[in-house]
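**Q** The structure follows.
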Amino acid sequence: MQIARDTILRSYRSMRTIREFEERLHVEFATGEIPGFVHLYCGEEASGVGVCAHLTDVDSIASTHRGHGHCIAKGVNVDGMMAEIYGRKTGVCHGKGGSMHIADLSLGMLGANGIVGGGPPLICGAALSHKLLKDGGVAVAFYGDGASNEGTTLESLNLATVWKLPAVFVCEDNGYGEATASSYAVAGTQKARAAGFGMPYFECDGNDFFAVYEAAGEAIAHARAGNGPAMLHVHLSRWYGHFEGDAMTYRANGEVAELRADSDCLKNFRKHVTEISVIEEDALDEIDTAVRDEIESAVIAAKAAPLPEAEDLLADVYVSY
């Protein structure tokens, strides 16, 4: 599989940005300055980036409550995201969405979503628009193993097949629906579910960016060619709790430490591209430094930004067509 150098560097930067963004939020949230809930994407970076590497601004995605990574992978501005999470007026949603409802429609990012299974129906609507407008776009729904059991998700799989929509359903299976293991709560297999709705199924290791990139490329190409929907099942792990403050007593002692040591998608990426001499270590180190500076600036700017005013409460609630 040949991938252009600029795509490799851009993908690494996107993954590193997600990692630094989330690790910094883990620290900042503990100060009590961030309102609401925060759900971190650390450990899952290769999935969002590997999928979105095949998308353009014409294409649409719908995310989950764990949506920061998908936003960054789709190109949402980091400064605006950080300000949004801090509830500031300069945020991408003017401080009204917070962590779980970041959106940027100009980039085809239809929003993170606090409703489990809320994204797949939105993607059916977006995919129908792409089909009717004949703009060549595809719509991608990210959802977890827990959401795979929701009626909204199953209905969306059915509708997308019936209407032969250019949609891709990405099940990010991190092994836990909140505190319940998917091995206990999910009957059958995702592959069998895809087959039940008559759509092709692709599967990959979410710790390997290149595996995700290849599988996502096939799934998205299938949908973009007008062949109907596809399912992509990504096996990965989250490093933090379901939400910030989750003690993770349901996980085995040492489980996360082992994942960080042996299943880090960024470490795997660096090892692969440097061993085959595609990218130099120095180039990756430069990205690391630049990203750390970018996140630091984003935090400083967010803390200094103004809060929304009372008169802003009803702004942006309705849209006129």
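The values are calculated or read from the model by the stated rules, or taken from the named source; none is laboratory data. What you see is a predicted model, and the numbers here were worked out from it, not measured in a lab. Backbone-built Cβ (ideal geometry, glycine too); neighbour counts: all protein chains shown. Heavy atoms of the whole protein, side chains included, go into the accessibility calculation; ligands, DNA and RNA do not. Shrake-Rupley method; radii C 1.70, N 1.55, O 1.52, S 1.80 Å.
**Q** Considering each of GLY188, GLY144, GLY151 in turn, give the residue that is on the phi > 0 side of the Ramachandran plot and among the small types (Gly, Ala, Ser).
**A** That would be GLY188, the only listed residue that is on the phi > 0 side of the Ramachandran plot and among the small types (Gly, Ala, Ser).
**Q** So in segment 285-316, with the set limited to residues that are touching a residue at least 40 places away in the same chain (Cβ under 8 Å) and not in a helix (DSSP H, G or I), which one is surrounded by the most Cβ atoms within 10 Å (Cβ to Cβ)?
**A** ALA305
**Q** Here is a follow-up. Please state which of the following conditions GLY118 fails to meet, knowing it meets all the rest: (1) in contact (Cβ under 8 Å) with a residue 60 or more places away in the chain; (2) within 23 Å of VAL49 (Cβ to Cβ); (3) open to solvent by less than 30 Å² (accessible area, probe 1.4 Å).
**A** (1)
**Q** Let me ask you something else. For segment 53-100, which positions are assigned to a helix (DSSP H, G or I), without any contact (Cβ under 8 Å) to a residue 40 or more places away in the chain and open to solvent by less than 10 Å² (accessible area, probe 1.4 Å)?
**A** GLY80, GLU84
**Q** Considering only residues of segment 30-52 that are at pLDDT 95 or above, of a type in the set (A, V, I, L, M, F, W, C) and touching a Phe, Trp or Tyr at 6+ places or on another chain (Cβ under 9 Å), which is surrounded by the fewest Cβ atoms within 10 Å (Cβ to Cβ)?
**A** Among those residues, the one meeting the criterion is ILE34.
**Q** Restricting attention to segment 216-224, does a residue exist that is farther than 22 Å from ILE3 by Cβ and among the aliphatic types (A, V, I, L, M)?
**A** For segment 216-224, residues farther than 22 Å from ILE3 by Cβ and among the aliphatic types (A, V, I, L, M): absent.
**Q** Shifting gears a bit: So which of GLU255, GLU244 ends up being without any contact (Cβ under 8 Å) to a residue 12 or more places away in the chain and either open to solvent by less than 80 Å² (accessible area, probe 1.4 Å) or of a type outside the set (Phe, Trp, Tyr) (or both)?
**A** That would be GLU255, the only listed residue that is without any contact (Cβ under 8 Å) to a residue 12 or more places away in the chain and either open to solvent by less than 80 Å² (accessible area, probe 1.4 Å) or of a type outside the set (Phe, Trp, Tyr) (or both).
**Q** Residues in segment 1-22: is at least one at pLDDT 95 or above, open to solvent by 50 Å² or more (accessible area, probe 1.4 Å) and either over 28 Å from CYS204 (Cα atoms) or assigned to a loop (DSSP other than H, G, I, E, B) (or both)?
**A** Within segment 1-22, none of the residues are at pLDDT 95 or above, open to solvent by 50 Å² or more (accessible area, probe 1.4 Å) and either over 28 Å from CYS204 (Cα atoms) or assigned to a loop (DSSP other than H, G, I, E, B) (or both).
**Q** Still on this structure, please answer the following. Checking the structure you have, find out if any residue of segment 273-284 is at pLDDT 95 or above, part of a loop (DSSP other than H, G, I, E, B) and open to solvent by 30 Å² or more (accessible area, probe 1.4 Å).
**A** The answer is no; no qualifying residue exists.
**Q** Determine if segment 125-139 includes at least one residue that is more than 21 Å from ALA215 (Cβ to Cβ), touching a strand residue (DSSP E or B) at 6+ places or on another chain (Cβ under 8 Å) and part of a loop (DSSP other than H, G, I, E, B).
**A** So far as segment 125-139 goes, no, none of its residues is more than 21 Å from ALA215 (Cβ to Cβ), touching a strand residue (DSSP E or B) at 6+ places or on another chain (Cβ under 8 Å) and part of a loop (DSSP other than H, G, I, E, B).
**Q** Identify, please: which residue in segment 168-194 is surrounded by fewer than 18 Cβ atoms within 10 Å (Cβ to Cβ) and among the hydrophobic types (A, V, I, L, M, F, W, C) and is, among those, nearest to LEU232 (Cα to Cα)?
**A** Across segment 168-194, the extreme among qualifying residues is ALA192.
**Q** Tell me which residues, restricted to segment 197-236, are in a loop (DSSP other than H, G, I, E, B) and buried (at least 22 other Cβ atoms within 10 Å of the Cβ).
**A** Hits for segment 197-236 are MET199, GLY206, ASN207, PRO229, LEU236.
**Q** Do we have any residue at all in segment 127-142 that's within 14 Å of the chain's Cα centre (by Cα) and closer than 23 Å to ALA185 by Cβ?
**A** Checking segment 127-142: at least one residue is within 14 Å of the chain's Cα centre (by Cα) and closer than 23 Å to ALA185 by Cβ.
**Q** Now a separate question. Give the residue, chosen from ALA139, ALA112, ALA147, that is surrounded by 23 or more Cβ atoms within 10 Å (Cβ to Cβ), touching a helix residue (DSSP H, G or I) at 6+ places or on another chain (Cβ under 6 Å), in contact (Cβ under 8 Å) with a residue 60 or more places away in the chain and closer than 20 Å to GLY206 by Cβ.
**A** Step by step, each of ALA139, ALA112, ALA147 is checked, and only ALA147 is surrounded by 23 or more Cβ atoms within 10 Å (Cβ to Cβ), touching a helix residue (DSSP H, G or I) at 6+ places or on another chain (Cβ under 6 Å), in contact (Cβ under 8 Å) with a residue 60 or more places away in the chain and closer than 20 Å to GLY206 by Cβ.
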